[in-house]
Structures are given as C-alpha cells and as structure tokens.
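To start, the structure itself, in structure tokens.
The values are calculated or read from the model by the stated rules, or taken from the named source; none is laboratory data. Computed from a predicted model, the values in this text were never measured in an experiment. Every residue, glycine among them, receives a Cβ derived from its backbone with ideal geometry; neighbour counts consider all protein chains shown.
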Amino acid sequence: MSGGLQPTRHTSTGAPRKVKPKVLLATTSRWYPTARLGVGLAKAGCSVEIVCPSHHPLERTTVAHGRFAYQGLRPLRSLELAIEATQPNVIVPGDDLAARHLYRLYLRSRRRGKDSVCALIERSLGPSESLATLYARTAFMKVAEEQKVRVPKTEVVRSSADLQRWETVNSFPAVLKADGTSGGDGVRIVHSLEEAEHALHSLQAPPLMARALKRALVNQDATLVWPSISRQRPVVNAQAYVPGCEATSTVACWQGAVLGCLHFEVIKKRSARGPATVVRLIEHAEMSSAVEKMVRRLQLSGLHGFDFMLEGATGNAYLIEMNPRVTQVGHLTLGPGRDLPAAMYAAVSGTEIQVAPKITENDTIALFPQEWIRDPESEFVRSGYHDVPWEEPGLVQDCINSRSRQSAWYSRAKRREARDSSPTPTPLPLTTPSKHPSVGLDCEAK
C-alpha cells in the first residue's frame with residue numbers, strides 16, 4: 001500500500017521526478033459536488049481515480065484517470081477492488097454512505113488481517129478509536145461536550161417513554177435525527193409529543209421494499225435492498241432545537257491538525273431540510289475553535305464537514321452534527337487557509353501548501369447547478385458569485401442536459417412545480433466569461 005508521502009522516481013539521468021499523489025474518490029451517488037471536488041483535487045496536483053455508480057458526472061470531466069464500478073449489493077467488495085487496482089495514497093469519501101462503507105471495510109479488514117487496508121482507511125479518515133464516534137450522533141455530541149464545545153442537548157430515543165422523559169426535562173420543539181442519513185432526509189422538527197411519536201415511528205421504519213427495488217432498478221442503486229430485507233432500524237436521536245440560522249464548516253486536516261477551513265452561513269436551501277444552494281463566507285471565532293478542538297481530539301485526517309446553528313439572539317455557534325466526508329463547498333478556492341484541495345495535496349505529498357488564485361472577492365456564492373435549478377431567475381445568480389465550472393464544458397453541458405439526474409438535490413414535487421409554473425432555464429453559454437460580462441448566469445457582481 002502506498003505511504004502517506006509523495007513517492008519519488010528517478011529519470012534516466014538520475015534526477016528525481018515527483019509522482020502525483022493518488023486520490024481515490026469513493027461515492028455511492030451521482031452527486032455533482034463530487035465531480036467538482038475531483039476537478040479541484042486534480043487542479044491542486046493530485047491524480048484522481050474514482051469508484052462510483054455508472055454515468056457519474058466526473059466522467060464528463062477531463063481529470064478522472066480511471067473509474068471503478070460501485071455495486072450497491074457488494075459495496076465493500078467494490079471498494080476493495082478499487083483499492084487493489086489503484087493503490088491510492090488516500091481515500092476521500094464523497095457522501096455519507098461511502099464513508100460508512102469505509103468504516104465497515106475497516107472492521108472487516110481488521111478481522112481478516114488486511115493491515116494495509118486498515119492503515120489506508122485510518123490515514124484517510126482518522127484513528128480506529130475515533131471512527132465509530134463519527135457515525136453515532138449522540139456519542140459525537142458527548143465528545144464535543146467534553147471538549148467544551150457548545151452543543152444542544154442530545155439523547156438517543158427508542159420509544160414513546162423516552163420521548164415523554166425528554167418532554168419532562170427538555171420540552172419541545174425538538175429535532176429528531178436518524179443515524180446514517182444525510183441531506184435532511186432523516187431529520188424532523190417536532191413541536192409536540194404527538195408529533196414526536198409520529199416522527200419517531202417514521203424514522204425508525206426500515207426502507208420499504210418497493211422503494212428499495214425502485215432505486216435498484218431505475219437509479220441502479222441497490223444500497224437500500226439489504227436494509228429493507230433485514231429490516232434494519234436506524235438509531236434515532238432527539239436534539240434540543242436552537243432558533244437561528246444554519247452555518248457550515250468544511251475542513252481539510254491531517255493527523256489532528258487543521259490545514260484549511262471554510263465557514264459559511266446558509267442563505268438559501270433546496271428545501272426546508274435540504275442542502276444549501278446559496279452560502280455566504282463568514283469568519284466566526286467560535287466555529288473555528290469548535291472545529292479545531294474536534295479535529296485535534298479525534299485526530300482526524302482528510303476532508304470533513306461540521307454543521308452549526310447560529311443562535312438568533314446571541315450569535316453563539318452550536319455544533320449540531322458532523323459529516324465524515326467533504327461537503328458540497330469543498331472544491332472552492334478562496335485564498336490562504338481556505339483552499340482545501342491545495343491543503344490535501346500538501347498533506348498527502350509532504351510539501352508546502354501552494355494556494356490557488358482566489359476565485360472571487362464576493363462573499364456570497366450561488367452553488368452551481370443547485371441554485372440555478374432551484375430558481376432559474378434567482379437574484380443570487382446575478383448578485384453573487386455563480387460558481388459555474390467554465391473550464392469543464394462537458395460537465396456544465398451534462399448538467400444542463402440531464403436536470404432530472406439532480407433528484408438527489410431536488411424533490412419530485414419541486415421539479416413538478418418548476419415544470420408547471422416556470423419557463424425552461426436559458427441554456428448557459430459554454431464559453432469562459434469575459435472580464436466584463438453582461439448581467440446573467442455568468443456574471444459576478446462587482
């Protein structure tokens with residue numbers, strides 16, 4: 001297995017020649033942000049390989065050196081084959097399910113004595129004693145409390161009796177969250193005991209077989225089949241509700257040290273519980289401190305996301321959860337300390353961080369294609385920096401021509417509403433904007 005430092009080869013003249021560090025992107029979905037991250041890592045100097053479902057957007061770029069098939073019914077074997085073939089320096093999970101598969105692969109590899117695979121996963125994410133904590137919300141929050149990080153009260157709830165005890169001590173509203181979910185799918189805000197009991201029953205239910213088969217046949221995603229057959233029930237947590245606005249941090253770290261970090265306030269979202277579509281870059285000392293404490297305590301490596309609530313009355317930052325994978329803003333290059341692909345390249349190669357040019361001075365960023373699909377006439381597409389990857393026209397065109405594949409971001413109801421009430425979005429020009437663009441989708445506010 002390749003080590004953590006960049007290897008060196010020698011030319012015929014005897015002069016050393018650096019070899020690009022190899023990154024294996026592992027993803028179970030066709031999320032567009034994973035493709036953006038792959039492009040960002042390649043720009044930073046990495047050699048990018050990917051294990052993913054067929055027809056992944058990254059295939060439309062110029063950066064992927066190789067693709068390995070992800071099979072939903074054999075996810076761990078899919079990862080093993082990709083690791084054996086690529087011998088990567090580091091693995092970067094592109095979504096929550098991929099991160100959980102890596103943890104399961106670590107446990108299986110340890111039982112089978114595959115020390116090299118275990119070492120690779122620990123180098124990519126963090127030490128084994130921290131991995132389990134990353135996938136259990138309540139356990140993670142307890143660790144945060146120990147580190148004096150501000151967090152809302154969080155407890156595991158398994159029954160109506162647990163919810164009744166919660167109401168006695170903490171009252172409502174509250175937020176119920178199922179472990180192993182992401183993108184707001186496993187989250188319910190409840191305002192009464194009756195609502196909480198109904199939400200708990202829904203969140204604890206195993207995936208319906210009809211839904212699992214539909215995803216397997218139509219979306220070629222079999223990840224729900226086994227949980228449906230085995231009637232797996234997720235752990236549900238109750239968390240105190242913090243009124244305010246959402247914020248997020250994405251961090252590049254190595255062996256417990258923060259190398260780069262981005263803090264954003266969420267301005268617009270796909271839906272009430274969905275991912276952000278417009279964000280604003282901010283500085284927040286408490287968020288920075290919380291991230292640094294957790295990265296140091298868990299000795300994390302790789303790319304990770306932290307979610308916060310900024311309390312409306314005080315501005316205090318409450319850490320509400322962590323995602324052991326990169327978030328959708330991880331590709332953005334926003335100057336020193338804010339270039340995560342460059343930080344990852346430096347960590348894996350053992351070199352100094354070489355920051356890329358800052359993409360914009362505008363703090364408000366409309367994420368492409370998320371905000372464009374949410375609202376083709378969005379004011380933020382014009383007043384903010386619209387993050388279109390002009391240097392990858394195939395990726396842009398693929399997104400425009402295949403809007404239906406963005407179902408991971410937008411609900412069926414939202415798409416139907418957009419189809420019935422809005423004109424078809426004007427196709428984006430596939431040329432690099434000039435220095436003085438006209439107002440439109442390719443315009444950055446001056």
Helices (runs of 4 or more DSSP H) contained in the range 135-249 and holding at least 2 residues modelled with pLDDT of 95 or more:
137-146
Looking only at the range 103-113, which residues are at pLDDT below 95 and crowded, with 21+ Cβ neighbours inside 10 Å?
none
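Okay, residues lined up against (1) touching a Ser or Thr at 6+ places or on another chain (Cβ under 6 Å); (2) of a type in the set (A, V, I, L, M, F, W, C):
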position: ASN237; (1), (2): yes, no
position: GLU265; (1), (2): no, no
position: GLY274; (1), (2): no, no
position: ARG297; (1), (2): no, no
position: LEU303; (1), (2): no, yes
position: ALA313; (1), (2): no, yes
position: GLN328; (1), (2): no, no
Part of a loop (DSSP other than H, G, I, E, B) and either over 30 Å from VAL19 (Cβ atoms) or modelled with pLDDT of 90 or more (or both): is that true of GLU352 in this structure?
yes
Which listed residue, of GLN299, GLN328, is touching a strand residue (DSSP E or B) at 6+ places or on another chain (Cβ under 8 Å) and more than 18 Å from VAL151 (Cα to Cα)
GLN328
Can you confirm whether VAL388 is β-branched (Val, Ile, Thr), closer than 21 Å to PRO33 by Cβ and either touching a Gly at 6+ places or on another chain (Cβ under 8 Å) or outside the structural domain of GLY260 (by TED's automatic domain parsing) (or both)?
no
Evaluate the range 361-384: report whether one residue or more is outside the structural domain of SER47 (by TED's automatic domain parsing), of a type in the set (Val, Ile, Thr) and under 16 Å from the mean Cα position of the chain (by Cα).
no
When residues of the range 307-347 are limited to those that are over 18 Å from the mean Cα position of the chain (by Cα) and not in a loop (DSSP other than H, G, I, E, B), the one surrounded by the most Cβ atoms within 10 Å (Cβ to Cβ):
ALA317
When residues of the range 117-134 are filtered for being part of a loop (DSSP other than H, G, I, E, B) and exposed (fewer than 15 other Cβ atoms within 10 Å of the Cβ), how many remain?
1
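Name the strands (runs of 3 or more DSSP E) wholly inside the range 14-72 in which the number of residues that are under 24 Å from CYS399 (Cα atoms) and modelled with pLDDT under 90 is 1 or more.
64-69
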Exclusive hit being surrounded by 17 or more Cβ atoms within 10 Å (Cβ to Cβ) and touching a Pro at 6+ places or on another chain (Cβ under 6 Å), set ALA42, ALA99, ALA82, ALA64
ALA99
Within the range 254-295, work out how many residues are part of a strand (DSSP E or B) and either in contact (Cβ under 8 Å) with a residue 60 or more places away in the chain or not assigned by TED's automatic domain parsing to the domain that holds ARG374 (or both).
14
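For every residue, the table says whether it meets (1) among the aliphatic types (A, V, I, L, M); (2) touching a Leu at 6+ places or on another chain (Cβ under 7 Å).
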residue: LEU81; (1), (2): yes, no
residue: GLU84; (1), (2): no, no
residue: GLY94; (1), (2): no, yes
residue: ALA98; (1), (2): yes, no
residue: TYR103; (1), (2): no, yes
residue: ARG108; (1), (2): no, yes
residue: GLY113; (1), (2): no, no
residue: ALA119; (1), (2): yes, no
residue: ARG123; (1), (2): no, no
Among the residues of the range 348-366 satisfying the criterion of being closer than 21 Å to ALA35 by Cα and touching a Leu at 6+ places or on another chain (Cβ under 9 Å), which is surrounded by the most Cβ atoms within 10 Å (Cβ to Cβ)?
VAL348
